[in-house]
Amino acid sequence: MNRCAVIGCGWAGRHHMETAAHSEFAELAAVVDPDENKRRAASERYGIPAYQTLEELLASPTEFDTGIVATLPGLHAEQCRLLIAAGKHILCEKPVCRTSAEIAALKREAQQAGITFGVVFNQRYGAAVRRAKEMMEADGGTLHLITASMYQHWPTQTGGHVTGTFMITDACCHLLDLMTYLCGPVQQVKAIAAKVESELYSDISVSIRFRNGCVGCMSHSNVGGKLDTQHPFQCVDIHTKNARYCIENQCDRLTVYPHDSLERLVYEPSVFQRRDYSVSMRLACEDFLRAVAQGRTPDANIDDALINMQILEAVLASI
(Lines give C-alpha, C1' and ligand atoms only; values in the text may rest on other atoms or scores of the structure.)
Protein backbone atom coordinates (compact mmCIF):
# COMPACT_ATOMS: atom_id res chain seq x y z
CA MET A 1 0.00 0.00 0.00
CA ASN A 2 1.28 3.46 -0.98
CA ARG A 3 1.77 5.40 2.25
CA CYS A 4 1.29 9.14 1.65
CA ALA A 5 2.46 12.19 3.55
CA VAL A 6 0.69 15.45 2.71
CA ILE A 7 2.93 18.51 3.00
CA GLY A 8 0.70 21.53 3.53
CA CYS A 9 -2.65 21.39 5.34
CA GLY A 10 -4.32 24.28 3.53
CA TRP A 11 -7.20 24.21 1.06
CA ALA A 12 -5.54 21.92 -1.50
CA GLY A 13 -3.86 19.79 1.14
CA ARG A 14 -7.17 19.04 2.82
CA HIS A 15 -8.55 17.61 -0.44
CA HIS A 16 -5.47 15.44 -0.90
CA MET A 17 -5.60 14.20 2.69
CA GLU A 18 -9.20 13.10 2.22
CA THR A 19 -8.40 11.35 -1.07
CA ALA A 20 -5.36 9.48 0.28
CA ALA A 21 -7.22 8.48 3.44
CA HIS A 22 -10.03 6.85 1.46
CA SER A 23 -8.19 5.58 -1.63
CA GLU A 24 -8.08 1.90 -2.52
CA PHE A 25 -4.51 2.49 -3.73
CA ALA A 26 -3.06 4.36 -0.75
CA GLU A 27 -3.27 5.31 2.89
CA LEU A 28 -2.56 8.57 4.69
CA ALA A 29 0.57 8.20 6.84
CA ALA A 30 1.45 11.73 8.01
CA VAL A 31 0.92 15.45 7.52
CA VAL A 32 3.26 18.43 7.61
CA ASP A 33 2.42 22.07 8.27
CA PRO A 34 4.13 24.92 10.14
CA ASP A 35 0.76 26.00 11.59
CA GLU A 36 0.23 24.11 14.83
CA ASN A 37 -3.56 24.35 14.72
CA LYS A 38 -3.79 23.02 11.16
CA ARG A 39 -1.50 20.07 11.71
CA ARG A 40 -3.12 19.19 15.04
CA ALA A 41 -6.58 19.23 13.44
CA ALA A 42 -5.39 16.92 10.65
CA SER A 43 -3.64 14.63 13.09
CA GLU A 44 -6.73 14.28 15.25
CA ARG A 45 -9.07 13.82 12.28
CA TYR A 46 -7.08 11.01 10.70
CA GLY A 47 -5.22 9.58 13.69
CA ILE A 48 -1.79 10.09 12.14
CA PRO A 49 1.44 11.83 13.19
CA ALA A 50 1.94 15.48 12.27
CA TYR A 51 5.18 17.37 11.80
CA GLN A 52 6.15 21.02 11.62
CA THR A 53 8.58 20.65 8.70
CA LEU A 54 9.37 18.15 5.98
CA GLU A 55 12.88 17.79 7.39
CA GLU A 56 11.36 16.76 10.72
CA LEU A 57 9.21 14.14 8.99
CA LEU A 58 12.15 12.72 7.03
CA ALA A 59 14.21 12.43 10.22
CA SER A 60 11.37 10.68 12.07
CA PRO A 61 10.59 6.94 12.24
CA THR A 62 7.38 7.51 10.24
CA GLU A 63 7.58 5.54 7.00
CA PHE A 64 5.98 6.80 3.79
CA ASP A 65 6.32 6.24 0.05
CA THR A 66 4.83 9.39 -1.51
CA GLY A 67 4.98 13.07 -0.66
CA ILE A 68 1.99 15.14 -1.79
CA VAL A 69 3.25 18.73 -1.97
CA ALA A 70 0.46 21.22 -1.37
CA THR A 71 2.43 24.25 -0.20
CA LEU A 72 3.08 27.63 -1.88
CA PRO A 73 4.94 27.48 -5.22
CA GLY A 74 8.03 29.17 -3.82
CA LEU A 75 8.56 26.21 -1.49
CA HIS A 76 8.04 23.45 -4.06
CA ALA A 77 11.58 23.18 -5.48
CA GLU A 78 13.33 22.62 -2.17
CA GLN A 79 10.64 20.32 -0.79
CA CYS A 80 10.61 18.23 -3.97
CA ARG A 81 14.40 17.94 -3.89
CA LEU A 82 14.26 16.64 -0.34
CA LEU A 83 11.64 14.07 -1.33
CA ILE A 84 13.59 12.98 -4.42
CA ALA A 85 16.76 12.59 -2.36
CA ALA A 86 14.80 10.38 0.03
CA GLY A 87 13.50 8.25 -2.86
CA LYS A 88 9.85 9.27 -2.45
CA HIS A 89 7.28 9.54 -5.22
CA ILE A 90 5.84 13.05 -5.63
CA LEU A 91 2.46 14.57 -6.45
CA CYS A 92 2.94 18.34 -6.59
CA GLU A 93 0.47 21.18 -6.83
CA LYS A 94 0.83 23.60 -9.72
CA PRO A 95 2.77 25.50 -10.68
CA VAL A 96 5.52 23.07 -9.70
CA CYS A 97 7.90 26.02 -9.91
CA ARG A 98 7.65 29.44 -11.50
CA THR A 99 10.51 28.89 -13.98
CA SER A 100 11.01 26.12 -16.50
CA ALA A 101 14.68 25.85 -15.50
CA GLU A 102 13.70 24.82 -11.97
CA ILE A 103 11.14 22.31 -13.25
CA ALA A 104 13.65 20.86 -15.73
CA ALA A 105 16.16 20.38 -12.91
CA LEU A 106 13.56 18.55 -10.80
CA LYS A 107 12.65 16.39 -13.79
CA ARG A 108 16.28 15.32 -14.24
CA GLU A 109 16.68 14.55 -10.54
CA ALA A 110 13.42 12.57 -10.46
CA GLN A 111 14.43 10.52 -13.52
CA GLN A 112 17.83 9.74 -12.01
CA ALA A 113 16.17 8.65 -8.76
CA GLY A 114 13.59 6.54 -10.60
CA ILE A 115 10.62 8.08 -8.81
CA THR A 116 7.16 8.94 -10.16
CA PHE A 117 6.42 12.67 -10.38
CA GLY A 118 2.80 13.69 -10.88
CA VAL A 119 1.29 17.18 -11.08
CA VAL A 120 -2.20 18.32 -10.00
CA PHE A 121 -3.62 19.66 -13.27
CA ASN A 122 -7.06 18.96 -11.87
CA GLN A 123 -9.21 20.94 -14.30
CA ARG A 124 -8.63 18.36 -17.05
CA TYR A 125 -10.46 15.90 -14.78
CA GLY A 126 -13.72 17.85 -14.88
CA ALA A 127 -16.62 15.71 -16.09
CA ALA A 128 -17.58 18.03 -18.95
CA VAL A 129 -13.95 18.30 -20.10
CA ARG A 130 -13.50 14.52 -20.15
CA ARG A 131 -16.77 14.03 -22.03
CA ALA A 132 -15.79 16.68 -24.58
CA LYS A 133 -12.45 14.98 -25.24
CA GLU A 134 -14.15 11.60 -25.71
CA MET A 135 -16.68 13.04 -28.14
CA MET A 136 -14.09 15.04 -30.09
CA GLU A 137 -11.94 11.94 -30.54
CA ALA A 138 -14.98 9.97 -31.73
CA ASP A 139 -15.99 12.91 -33.95
CA GLY A 140 -12.66 12.79 -35.78
CA GLY A 141 -13.26 16.24 -37.25
CA THR A 142 -10.33 18.56 -37.88
CA LEU A 143 -9.74 21.03 -35.05
CA HIS A 144 -10.15 24.64 -36.16
CA LEU A 145 -10.52 27.01 -33.22
CA ILE A 146 -10.52 27.04 -29.42
CA THR A 147 -11.38 29.97 -27.16
CA ALA A 148 -10.92 29.63 -23.41
CA SER A 149 -11.59 32.21 -20.68
CA MET A 150 -11.48 32.38 -16.88
CA TYR A 151 -12.65 35.13 -14.54
CA GLN A 152 -11.48 34.96 -10.94
CA HIS A 153 -11.02 37.32 -8.03
CA TRP A 154 -7.29 37.85 -7.48
CA PRO A 155 -5.22 40.23 -5.34
CA THR A 156 -4.31 43.60 -6.80
CA GLN A 157 -1.16 44.19 -4.76
CA THR A 158 2.10 42.29 -4.89
CA GLY A 159 3.71 40.86 -1.78
CA GLY A 160 4.59 37.53 -0.25
CA HIS A 161 3.89 34.77 -2.78
CA VAL A 162 1.90 37.17 -5.02
CA THR A 163 4.25 38.36 -7.77
CA GLY A 164 3.64 40.71 -10.68
CA THR A 165 3.07 37.71 -12.96
CA PHE A 166 0.96 35.75 -10.44
CA MET A 167 -2.14 35.56 -12.62
CA ILE A 168 -0.16 34.14 -15.54
CA THR A 169 2.07 31.62 -13.74
CA ASP A 170 -0.41 30.53 -11.05
CA ALA A 171 -3.80 30.80 -12.80
CA CYS A 172 -3.29 30.68 -16.56
CA CYS A 173 -1.39 27.41 -16.08
CA HIS A 174 -4.82 25.81 -15.47
CA LEU A 175 -6.42 27.20 -18.60
CA LEU A 176 -3.39 26.46 -20.76
CA ASP A 177 -3.36 22.84 -19.57
CA LEU A 178 -7.02 22.48 -20.56
CA MET A 179 -6.29 23.85 -24.01
CA THR A 180 -3.29 21.58 -24.65
CA TYR A 181 -5.17 18.59 -23.19
CA LEU A 182 -7.96 19.17 -25.71
CA CYS A 183 -6.02 20.48 -28.72
CA GLY A 184 -2.45 19.20 -28.43
CA PRO A 185 1.01 20.82 -28.42
CA VAL A 186 1.48 24.57 -28.88
CA GLN A 187 3.63 26.01 -31.66
CA GLN A 188 3.41 29.78 -31.18
CA VAL A 189 1.99 32.36 -28.76
CA LYS A 190 1.53 36.12 -28.73
CA ALA A 191 0.04 38.02 -25.78
CA ILE A 192 -1.19 41.40 -24.70
CA ALA A 193 -1.77 42.13 -21.01
CA ALA A 194 -2.70 45.00 -18.73
CA LYS A 195 -2.42 46.07 -15.11
CA VAL A 196 -5.78 47.71 -14.53
CA GLU A 197 -6.03 49.17 -11.03
CA SER A 198 -3.47 46.55 -10.03
CA GLU A 199 0.23 46.17 -9.28
CA LEU A 200 0.20 42.79 -11.02
CA TYR A 201 -1.16 41.73 -14.38
CA SER A 202 -4.94 41.80 -14.07
CA ASP A 203 -6.05 40.96 -17.61
CA ILE A 204 -4.49 39.02 -20.47
CA SER A 205 -5.35 37.76 -23.93
CA VAL A 206 -3.10 35.23 -25.67
CA SER A 207 -3.26 34.18 -29.32
CA ILE A 208 -2.13 30.59 -29.79
CA ARG A 209 -1.21 28.45 -32.78
CA PHE A 210 -1.17 24.69 -32.23
CA ARG A 211 1.06 22.26 -34.11
CA ASN A 212 -1.96 20.60 -35.71
CA GLY A 213 -2.98 23.90 -37.33
CA CYS A 214 -5.71 24.80 -34.86
CA VAL A 215 -5.63 28.37 -33.54
CA GLY A 216 -7.05 29.77 -30.35
CA CYS A 217 -7.33 32.51 -27.77
CA MET A 218 -6.75 32.22 -24.02
CA SER A 219 -8.00 35.08 -21.83
CA HIS A 220 -8.06 35.66 -18.10
CA SER A 221 -9.22 38.48 -15.83
CA ASN A 222 -8.99 39.11 -12.11
CA VAL A 223 -12.47 40.67 -12.24
CA GLY A 224 -14.71 37.92 -10.93
CA GLY A 225 -16.50 36.56 -7.90
CA LYS A 226 -14.82 35.32 -4.75
CA LEU A 227 -15.20 31.71 -3.63
CA ASP A 228 -18.53 32.37 -1.93
CA THR A 229 -19.89 34.61 -4.73
CA GLN A 230 -18.37 32.82 -7.71
CA HIS A 231 -20.38 33.13 -10.89
CA PRO A 232 -19.59 30.83 -13.81
CA PHE A 233 -15.85 31.36 -13.96
CA GLN A 234 -14.77 29.42 -17.01
CA CYS A 235 -15.90 28.99 -20.62
CA VAL A 236 -14.19 26.83 -23.26
CA ASP A 237 -15.40 26.60 -26.87
CA ILE A 238 -13.85 24.19 -29.37
CA HIS A 239 -14.79 24.27 -33.04
CA THR A 240 -14.12 21.20 -35.20
CA LYS A 241 -15.07 20.48 -38.79
CA ASN A 242 -18.21 18.70 -37.56
CA ALA A 243 -19.39 20.49 -34.41
CA ARG A 244 -18.92 23.14 -31.75
CA TYR A 245 -18.24 21.96 -28.18
CA CYS A 246 -19.02 24.38 -25.33
CA ILE A 247 -17.71 23.52 -21.85
CA GLU A 248 -18.98 25.43 -18.83
CA ASN A 249 -16.95 25.46 -15.60
CA GLN A 250 -15.10 22.22 -16.44
CA CYS A 251 -17.72 20.12 -14.65
CA ASP A 252 -21.13 21.79 -15.04
CA ARG A 253 -22.19 21.29 -18.62
CA LEU A 254 -21.11 20.36 -22.15
CA THR A 255 -23.24 21.57 -25.05
CA VAL A 256 -22.56 20.21 -28.54
CA TYR A 257 -23.85 21.97 -31.66
CA PRO A 258 -23.48 19.71 -34.74
CA HIS A 259 -22.91 21.79 -37.85
CA ASP A 260 -25.36 19.70 -39.89
CA SER A 261 -28.29 19.91 -37.46
CA LEU A 262 -30.57 22.44 -35.79
CA GLU A 263 -30.57 20.24 -32.68
CA ARG A 264 -28.06 20.38 -29.85
CA LEU A 265 -26.80 17.79 -27.41
CA VAL A 266 -26.43 18.69 -23.72
CA TYR A 267 -24.40 16.63 -21.27
CA GLU A 268 -24.72 17.29 -17.52
CA PRO A 269 -23.59 15.06 -14.65
CA SER A 270 -26.42 13.55 -12.65
CA VAL A 271 -27.99 15.66 -9.91
CA PHE A 272 -27.07 12.80 -7.57
CA GLN A 273 -23.39 13.04 -8.52
CA ARG A 274 -21.10 15.68 -7.02
CA ARG A 275 -19.67 17.98 -9.65
CA ASP A 276 -17.88 20.78 -7.80
CA TYR A 277 -14.23 21.77 -7.95
CA SER A 278 -13.27 19.38 -5.17
CA VAL A 279 -14.29 16.41 -7.34
CA SER A 280 -11.64 17.27 -9.95
CA MET A 281 -9.08 17.59 -7.13
CA ARG A 282 -9.98 14.13 -5.87
CA LEU A 283 -9.89 12.60 -9.34
CA ALA A 284 -6.48 14.13 -10.10
CA CYS A 285 -5.01 12.77 -6.87
CA GLU A 286 -6.67 9.38 -7.30
CA ASP A 287 -5.36 9.05 -10.87
CA PHE A 288 -1.83 9.64 -9.60
CA LEU A 289 -2.22 7.08 -6.81
CA ARG A 290 -3.60 4.56 -9.30
CA ALA A 291 -0.66 5.20 -11.65
CA VAL A 292 1.87 4.55 -8.87
CA ALA A 293 0.06 1.33 -7.96
CA GLN A 294 0.07 0.22 -11.61
CA GLY A 295 3.69 1.24 -12.19
CA ARG A 296 2.84 3.65 -15.01
CA THR A 297 3.43 7.33 -15.70
CA PRO A 298 0.56 9.53 -14.42
CA ASP A 299 -1.59 11.21 -17.05
CA ALA A 300 -0.62 14.61 -15.60
CA ASN A 301 3.10 14.59 -14.88
CA ILE A 302 6.24 16.71 -14.68
CA ASP A 303 6.65 16.65 -18.47
CA ASP A 304 3.31 18.46 -18.73
CA ALA A 305 4.38 20.93 -16.04
CA LEU A 306 7.64 21.70 -17.86
CA ILE A 307 5.97 22.27 -21.23
CA ASN A 308 3.24 24.33 -19.56
CA MET A 309 5.78 26.68 -17.93
CA GLN A 310 7.87 26.96 -21.10
CA ILE A 311 4.77 28.18 -22.94
CA LEU A 312 3.89 30.62 -20.16
CA GLU A 313 7.43 31.99 -20.30
CA ALA A 314 6.98 32.53 -24.02
CA VAL A 315 3.68 34.30 -23.23
CA LEU A 316 5.45 36.61 -20.76
CA ALA A 317 8.27 37.30 -23.21
CA SER A 318 5.76 38.32 -25.89
CA ILE A 319 3.97 40.94 -23.76
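The values are calculated or read from the model by the stated rules, or taken from the named source; none is laboratory data. This one's a predicted model, so the numbers in the text were calculated from it and none came from an experiment. Virtual Cβ from ideal backbone geometry, glycine too; neighbours counted across all protein chains shown. Ligands, DNA and RNA are excluded from the accessible area calculation, which covers all protein heavy atoms including side chains. Shrake-Rupley method; radii C 1.70, N 1.55, O 1.52, S 1.80 Å.
Solvent-accessible surface of the chain, taken per residue with a 1.4 Å probe and all protein chains present: 46 Å².
When trypsin sites (Lys or Arg not before Pro) are flagged only if DSSP places them in a loop and at most 14 other Cβ atoms lie within 10 Å, the longest unflagged stretch of the chain comes out as 1-194.
Shown here for the stretch 1-71: GluC sites (Glu not before Pro) in loop regions (DSSP other than H, G, I, E, B) with at most 14 other Cβ atoms within 10 Å, namely GLU24, GLU63.
I'd like the orientation of helix 11-22 relative to the chain: the angle between its Cα long axis and the longest Cα principal axis, in ° from 0 to 90, rounded to 10. Approximately 70 degrees, to the nearest ten.
When each of the peptides 154-160, 178-184 is scored by how many other beta carbons lie within 10 Å of its residues on average, the order from highest to lowest is 178-184, 154-160. With axes computed from alpha carbons, what is the tilt in degrees of helix 127-139 against the longest principal axis of the chain, rounded to the nearest 10 within 0 to 90? Approximately 50 degrees, to the nearest 10.
In debye to the nearest 20, how big a dipole does the stretch 15-84 give about its Cα centre with +1 on each Lys and Arg Cβ and -1 on each Asp and Glu Cβ?
That gives the stretch 15-84 a dipole magnitude of about 140 debye.
Each of LEU289, ALA300, TYR267 was placed along the dipole of the stretch 226-319 (beta-carbon charges, centred on the mean Cα), and the one lying farthest toward the positive end is TYR267. Taking ILE192, ILE302, ILE84 in turn, the Gaussian network model of the chain (Cα-Cα springs below 10 Å) assigns the largest fluctuation to ILE192. What would the Debye equation give as log₁₀ I(q)/I(0) for the stretch 239-319 at q = 0.17, 0.19, 0.24, 0.27 Å⁻¹, counting only Cα atoms as equal point scatterers? The computed values of log10 I(q)/I(0) come out as -0.99, -1.01, -1.02, -1.10. Loop-located GluC sites (Glu not before Pro) in the stretch 232-319 (DSSP state not H, G, I, E or B) with no more than 10 neighbouring Cβ atoms inside 10 Å: GLU263. Estimated purely from DSSP H runs of n ≥ 4, each contributing -39500 (n - 2.57), the mean residue ellipticity at 222 nm for the chain is -11500 deg cm²/dmol once divided by its residues. Label positions at PHE272 and ALA194, each projected 7 Å from the Cα along the C-beta direction, are separated by 4.9 nm. Measuring nothing but alpha carbons in the stretch 129-261 and taking Rh as the Kirkwood radius, the Rg to Rh ratio lands at 1.01.
Placing +1 on each Lys and Arg Cβ and -1 on each Asp and Glu Cβ, with no other charges, gives the stretch 122-217 a dipole about its Cα centre of roughly 260 debye.
Between GLU24 and ALA138, residue separation times 0.36 nm minus the direct Cα-Cα distance comes to 37.9 nm. Listed cross-link partners LYS195/LYS226; LYS107/LYS190; LYS38/LYS94; LYS107/LYS133; LYS38/LYS195 are compared with a 25 Å cut-off, the Cα-Cα value being larger for LYS107/LYS190; LYS107/LYS133; LYS38/LYS195. Just the number, please: carbon plus sulfur as a percent of the accessible area of the chain, 1.4 Å probe, no ligands or DNA/RNA counted. Of all accessible area on the chain, carbon and sulfur atoms account for 50 percent.
In summary, the convex hull built on the alpha carbon positions of the chain has an orientation-averaged projected area of 17.0 nm². DSSP bridge analysis restricted to the chain gives an antiparallel fraction near 60%, rounded to the nearest 5.
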